[in-house]
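> One structure follows; several queries about it will come next.
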Amino acid sequence: MPTLKAAAATAEIAADSDMIIGGSILPFTCMDQEAPLRASALLLLADAPVCLVSCDVLALGRDLCDEAARRITASCGIPFENILLAATHTHHAPSTMTVHAYRRDEEFCRRTVEATVRAAEEAYRKLQEAEGKPNECEAELLFACGIEMTTGQNSRWLLPEGQIAWDGHDRAQMIRPTGPHDPALPLLALRHPGRIAGGLFVYASHNIGALRPGVRSPGLFGLAARELEVRHGGPFLFLPGAFGSSHRLDSAPPAEAISRLIEALEDAMARLEPALTGPVLCLKRPFSYTVRPWDEEAENEAVSRYCRKWFDAERAASTIRAFTGMRAAIQPHAGESRETWLQVMRLGEVAIVGIPGEMFASLGLEIRRRSPFRHTVVVGLANDEIGYIPDRKGYRDGGYQTWAGFHSLLEPGTGERMVEAALKMLEEAMRGPQPEEAVSDRLRSSDAEALQTFYNHLGSRARWLFRPLGWNVCYPDCLQLCRDAAEGRRLDIVLRAGDLIVGWGLLVNWQNPVPHLGVCVADDWCGKGYGRRLMEELIDAAREARKEAIELIHVKDNIPAGTLYRKLGFQETGEHIGPDGNDYWEMRLAL
């Protein structure tokens, strides 16, 4: 278990009363605020330094996040990829993004970046001053996952005439939710000897609502973080989850909503367990997306039909104008390729996935469901804001979140691609750093678990093309297979990268004059010549054992494999349609 030193700190983000508040369709200002807006930083020093910062603002674009992260790297020595910056998505702070009918406030953006850097530097200063005072800086990282069912719900309900709920509609006409909501309430806490010293929690819902109307505020979730700080004596960060399709729909007063959230967090606090039972590793990778084209007539009709049905005439007209203006500004960029960040932070048994926008709950739940980690936490608005990230069903259903605008830029399918990219990064974080080269070796009797892991991690196409024991291979199959190899009934050569098996070549029916060959290489190791290396080693082994020939079959659609087999001397001897309905070549190499 790594030794952990940790500190948390905050810095106020000053706001002026003439600054436009972010989050609404039309611009407005607030003359007062009920609690200071802040940047809150959590700094962890384990086998790698990690910094997480949350800011009480609507969102932070990549330009602002990158500037702040680079400055933190320069002043605190924390690698750029080990820094996660996220907005709390409060709808009660000056605007930090250009959206709808107003632009971001550049002065407030500057102040936000300054506060972000100050908070990180203050946490770093605390650690520096605590050197030699272990009770002040040494910490345990603890984790628990609570649940809160009422503070957020899926807000994309089906309305009459096939419309999707957004705002202004009659709630009595809401038919059913069109997707899931994630009620999980993951909590990470730092415990110094004898006391909780801070932490963070994540919840998947829009941070809309304040104790008083018409004021600047960290929002309900930011206020809940302040209450935890009062109770436990250290700063807590609120980070939004996969909240793009979720809002608070219950009619409880804001104070009651905060109380329910605090009760759920305190319940989780009572069940905290050590989390840092493993390495610390951070990955931050570019992710490319395309600004989607759209049918202008259809988009205008969708916006206009909703606004004219549910809004009064004046509000409908102003909202329609706002969306028309956004589409006109974006239209020259349709089809443009852009780049953002995806991030994975491994903190022992906990993985944090940084998503650069407002991801729908269905996609966030898919990441959590398929993650290899015991605990996976999805954080939205991390290191960038690229708008709503709907699933394909969300685009088919329609509604505000998918209407073209500054808030909705992505082409359908981007969310699903992002899920797959995040899962690959999670797999990489689970494996840890790997050698650049794989080495071949005979399969050992002790390799059953590693072989099962290799098979489980194959992609769908690899599984379709490579079925040594059928569509699925289970652990007892791998155990028996390793025994058979050890006892000479088959020949198996594997590629090893550290403790992992990343390639597998086999000759079954090894006791016959003509054994049958199969080869597969893990997706991340394809294209490096390893498949050919396995083939050549198997062929050499068969020649040395004085076999007459080697046979194989392969799917005709797998053209690269067929090309390799022919280069190595295999010739087609027949063809057939397999029980799976696919066309196969039968091939043979005379030895």
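> Can you tell me how the stretch 102-174 classifies by the Cα gyration tensor, rounded, prolate or oblate, using a/c under 1.5 as the rounded cut?
It is oblate, given that a/c is not under 1.5 and a/b is not larger than b/c.
> Considering every Cα-Cα pair within the chain, what fraction, in whole percent, is farther apart than 40 Å? The partial results should precede the final answer.
On the way: 64739 of 174345 pairs.
Value for the chain: 37 percent of Cα pairs lie more than 40 Å apart.
> Once the piece of chain linking Asp484 and Ala255 is laid out straight, how much longer is it, given 0.36 nm per residue of separation minus the C-alpha distance between them?
In short, 75.8 nm is gained.
> Considering amide H positions built from the backbone, and no H for Pro or chain starts, which residues 5 or more places from Met359, or on another chain, come under 5 Å of its amide H?
So Met359 has HN proximity to Phe243, Gly244, Leu381, Ile389.
> What are the DSSP H helices in the chain that stretch 18 Å or more along their long axis, judged by alpha-carbon atoms, and whose average Kyte-Doolittle hydropathy comes to at least 0.0?
Going by DSSP H runs, the hits are 219-232, 254-269, 313-330.
> Keeping to pairs on different chains or 8 or more places apart, tell me how many lysine pairs in the chain have Cα atoms under 18 Å apart.
For the chain, qualifying lysine pairs total 5.
> Further, regarding this structure: If each residue of separation counts as 0.36 nm, what is the full-extension length gain between Ile559 and Lys528 once their alpha-carbon separation is subtracted?
Difference between extended and current length: 9.5 nm.
> Estimate the FRET efficiency between Glu449 and Arg305 by the formula 1/(1 + (r/R0)^6), using the beta-carbon distance for r and 56 Å for R0, to the nearest 0.05.
0.45
> What spacing in nm lies between the two simple spin-label points modelled at Ala270 and Glu420, each 7 Å away from Cα in the Cβ direction?
Reported label-point gap for Ala270 and Glu420 is 4.5 nm.
> Divide by every residue of the chain the summed helix terms, -39500 (n - 2.57) for each DSSP H run of at least 4, and state the resulting mean residue ellipticity at 222 nm, rounded to the nearest 500 deg cm²/dmol.
Computed ellipticity for the chain at 222 nm equals -10000 deg cm²/dmol.
> Residues in the stretch 257-300, backbone N under 12 Å from the label point at His333 (7 Å along the Cα-to-beta-carbon vector): list them, ranges by number please.
Output list for this probe position: 290-292.
> Note down the net charge around Ile559, summing +1 for each Lys or Arg and -1 for each Asp or Glu among other residues with Cβ under 14 Å from its Cβ.
In short, +1.
> Evaluate E = 1/(1 + (r/R0)^6) for Val514 and Val439, where r is the Cβ-Cβ distance and R0 equals 35 Å; express this FRET efficiency to the nearest 0.05.
0.75
> On to the next question. Would you kindly state how much longer the chain becomes between Arg467 and Glu314 on full extension, computed as 0.36 nm times their sequence separation minus their alpha carbon distance, in nm to one decimal? Please report the intermediate quantities before stating the final value.
Numbers: separation 153, 0.36 × 153 = 55.08 nm, distance 6.38 nm.
Here the segment from Arg467 to Glu314 would lengthen by 48.7 nm.
> Filter the GluC sites (Glu not before Pro) in the stretch 42-142 down to the DSSP loop ones having no more than 15 other Cβ atoms within 10 Å, then list what survives.
On the way: sites: Glu67, Glu81, Glu106, Glu107, Glu114, Glu121, Glu122, Glu129, Glu131, Glu136, Glu138, Glu140; in loops: Glu131.
Counting only loop positions with at most 15 other Cβ atoms within 10 Å, the GluC sites (Glu not before Pro) in the stretch 42-142 are Glu131.
> Between Ala172 and Thr324, take the C-beta separation as r, use R0 = 35 Å, and let me know the FRET efficiency to the nearest 0.05.
Taking R0 as 35 Å, the efficiency between Ala172 and Thr324 is 0.70.
> Continuing with this model, one more query. In terms of the Cα gyration tensor, with a ≥ b ≥ c the square roots of its eigenvalues, is the stretch 415-481 rounded because a/c is under 1.5, prolate because a/b exceeds b/c, or oblate?
On the way: a/c = 2.20, a/b = 1.35, b/c = 1.63.
Taking the square roots of the gyration eigenvalues as a ≥ b ≥ c, the stretch 415-481 is oblate.
> Okay, next question. For a quick check: with amide H placed at 1.01 Å from N, whose amide H comes under 5 Å from Arg216's, ignoring anything fewer than 5 positions away on the same chain?
Close amide H contacts, sequence-distant or interchain: Asp32, Gln33, Glu34.
> Right, something else. Within the stretch 150-183, which residues have the backbone N less than 15 Å from the label spot 7 Å out from Phe28 along Cα→beta-carbon, could you tell me?
167-168
Readers should treat all values here as calculations from the given coordinates under stated rules, not as data from a laboratory. Here the structure is a predicted model, which means the values were calculated and not measured. Glycine gets a Cβ as well: all are built from the backbone with ideal geometry, and neighbour counts include every protein chain shown.
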